[in-house]
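One structure coming up, written as structure tokens, with questions to follow.
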Amino acid sequence: MQQRLGSGREGLPVLHTPPFPAILLLPLKTKFKMVKVAIAGGSSPTLGESLVSALLSTNGRHTPIILSRQSDNTRISSNVEIRQVDYTSHTSLVNALRDIDVVISVLLIPGPEFITYQINLLHAAEEAGCRRFAPSEFALSSEAHEKVDILSAKLTTWDAVRSSVERGKIDAARFPCGMFMNYLGIGCPPSKRKDALAGFSEGPYLFHLEGDNPWVEVPLKEDDGQFSSLIMTNIRDIGKFITAAIDLEEPWSGRELGMAGETINFRDAIAICEQYIGKKIEVRPVTKAQLSEKLQEVPKNNFIEYMECQLSIAGTEELFLFEATLNKLCPQVRPMTITEFMQTFWTGL
């Protein structure tokens, strides 16, 4: 659902080719032009790799350029330019962005530097004459972020971005994607695990499909006590959606351009998972009151557990959902569904 604190979280190793075409239609609101795209954090093995790979798949129409604090990264393809930058230096960033059209940030930096680096990047993009900017979001809506302490940095950054858009300094958007579908790959057959996780190296959240006794924690809706719903998107599809958004002729206009691999109720998601893992899944429903009580017992310095508990509380308010605007604007992107994901990575050896 979110980029979570830890190592090895911002990119992906091996591209998975879905058993269906990625592009089928030409959107009416799309205008193709050659674009140079700078990706802050593009050397990461999850979102960075997803975006770089999607841009490279345009066969030269778009050129990805990675911004990195390191001058050399052996994981990056030799045909992708890396520009070393200092995110604390306005001059360094402006010089790196002089010929760039679009700046996309997938930075994940624990602590207050996250805000500083992103706002520095924004203002450098403005001075360098870049057309578009997207901060590192790739989680939920702003309303949901208000409920999660550790995600509040995204709100501060987004306020600065919106201000720049309103003053006509740059075009921008934020890209919520929901929960990474790749959480469902934890515990899949070892021969398929690398592709299923797409560089994601964190432990399970909500869906615990590994082992002999799989279980799923389900936040119950606050209003009626029924199972809540959520949005899941495969990391590999996120880069495709953003590439399609870059092709949009209409301005981003400081909007929330959400994407969804699939919008689904927890009950239906559990049924699909059971079908492919071949085991009965224990359902552990939790109410907002139970989660709030649990939150009081979690030390605030236990960042991951505290964040997960707050996220689950947001789920009880149906804040795992948002408008999947990019799915409507970019119908040529055919994201992987949960059924396709489970069929691809949980069947066979």
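The values are calculated or read from the model by the stated rules, or taken from the named source; none is laboratory data. Everything numeric here is computed off the predicted structure, so don't read it as measured data. Ideal geometry is used to build each Cβ from the backbone, glycine not excepted, and the neighbour counts take in all protein chains shown.
E318 - would you say it is in a loop (DSSP other than H, G, I, E, B), in the same structural domain as P189 (by TED's automatic domain parsing) and not hydroxyl-bearing (S, T, Y)?
Numbers: in a loop (DSSP other than H, G, I, E, B): yes; in the same structural domain as P189 (by TED's automatic domain parsing): yes; not hydroxyl-bearing (S, T, Y): yes.
Yes, satisfied.
Answer with yes or no whether K300 is over 19 Å from V216 (Cα atoms), within 25 Å of the chain's Cα centre (by Cα) and modelled with pLDDT of 95 or more. Explain how you work it out, then say what you get.
Values: over 19 Å from V216 (Cα atoms): yes; within 25 Å of the chain's Cα centre (by Cα): yes; modelled with pLDDT of 95 or more: no.
It is false that K300 is over 19 Å from V216 (Cα atoms), within 25 Å of the chain's Cα centre (by Cα) and modelled with pLDDT of 95 or more.
S71 versus (1) over 22 Å from R255 (Cα atoms); (2) among the hydroxyl-bearing types (S, T, Y); (3) modelled with pLDDT of 95 or more: which is the lone unmet condition?
Every listed condition holds for S71 apart from (3).
Please specify each residue of the stretch 106-123 satisfying the condition of being surrounded by 15 or more Cβ atoms within 10 Å (Cβ to Cβ), in contact (Cβ under 8 Å) with a residue 12 or more places away in the chain and within 18 Å of I150 (Cα to Cα).
Going residue by residue through the stretch 106-123, those that are surrounded by 15 or more Cβ atoms within 10 Å (Cβ to Cβ) are 106-109, 114-123.
From what's left, in contact (Cβ under 8 Å) with a residue 12 or more places away in the chain: 106-108, 114-123.
Matches in the stretch 106-123: V106, L107, L108, F114, I115, T116, Y117, Q118, I119.
Going by the structure shown, is E143 part of a helix (DSSP H, G or I) and surrounded by 16 or more Cβ atoms within 10 Å (Cβ to Cβ)? Talk me through it step by step, then tell me what you get.
Numbers: part of a helix (DSSP H, G or I): yes; surrounded by 16 or more Cβ atoms within 10 Å (Cβ to Cβ): no.
Here the answer is no, as E143 does not meet what is asked.
I need the full set of residues from the stretch 300-320 which are acidic (D, E) and surrounded by fewer than 17 Cβ atoms within 10 Å (Cβ to Cβ), in order please. Even if it seems obvious, please write down each step before you answer.
Taking the stretch 300-320 as the starting set, the residues that turn out to be acidic (D, E) are 305, 308, 317-318.
Result: E305, E318.
Next question. Condition check: assigned to a loop (DSSP other than H, G, I, E, B), out of contact with any Leu (no Cβ under 9 Å at 6 or more places or on another chain) and in contact (Cβ under 8 Å) with a residue 40 or more places away in the chain. Does P335 satisfy that? Walk me through how you get there before you give the answer.
Values: assigned to a loop (DSSP other than H, G, I, E, B): yes; out of contact with any Leu (no Cβ under 9 Å at 6 or more places or on another chain): yes; in contact (Cβ under 8 Å) with a residue 40 or more places away in the chain: yes.
In short, yes.
On to the next question. Can you tell me which of (1) among the small types (G, A, S); (2) outside any loop (DSSP other than H, G, I, E, B); (3) modelled with pLDDT of 95 or more is the one G187 doesn't meet?
G187 satisfies every listed condition except (2).
Here is a further query. Name every residue in the stretch 187-221 that is within 25 Å of G42 (Cβ to Cβ) and among the hydrophobic types (A, V, I, L, M, F, W, C), in order of residue number.
Selection gives A196, L197, A198, F200.
Each row is one residue, and each column tells you yes or no for (1) in contact (Cβ under 8 Å) with a residue 12 or more places away in the chain; (2) closer than 30 Å to G129 by Cβ.
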{"residue": "N182", "(1), (2)": "yes, no"}
{"residue": "I186", "(1), (2)": "yes, no"}
{"residue": "W215", "(1), (2)": "yes, no"}
{"residue": "V218", "(1), (2)": "yes, no"}
{"residue": "I231", "(1), (2)": "yes, no"}
{"residue": "I235", "(1), (2)": "yes, no"}
{"residue": "A244", "(1), (2)": "yes, yes"}
{"residue": "D268", "(1), (2)": "no, no"}
{"residue": "A271", "(1), (2)": "no, no"}
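Okay, residues lined up against (1) in contact with a His (Cβ under 8 Å, 6 or more places away or on another chain); (2) of a type outside the set (A, V, I, L, M, F, W, C); (3) within 27 Å of G111 (Cβ to Cβ):
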| position | (1), (2), (3) |
| --- | --- |
| M259 | no, no, no |
| Q290 | no, yes, no |
| C309 | no, no, yes |
| G348 | no, yes, no |
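Can you pull out every residue in the stretch 201-256 that is part of a loop (DSSP other than H, G, I, E, B) and buried (at least 24 other Cβ atoms within 10 Å of the Cβ)? Explain how you work it out, then say what you get.
Step one: list which residues in the stretch 201-256 are part of a loop (DSSP other than H, G, I, E, B), which gives 201-206, 209-214, 221-226, 228, 234, 247, 249-254.
Listed by number, the list holds a single entry, N234.
Considering only residues that are touching a His at 6+ places or on another chain (Cβ under 7 Å) and surrounded by fewer than 18 Cβ atoms within 10 Å (Cβ to Cβ), which ones fall in the stretch 124-140?
Answer for the stretch 124-140, where residues must be touching a His at 6+ places or on another chain (Cβ under 7 Å) and surrounded by fewer than 18 Cβ atoms within 10 Å (Cβ to Cβ): there is none.
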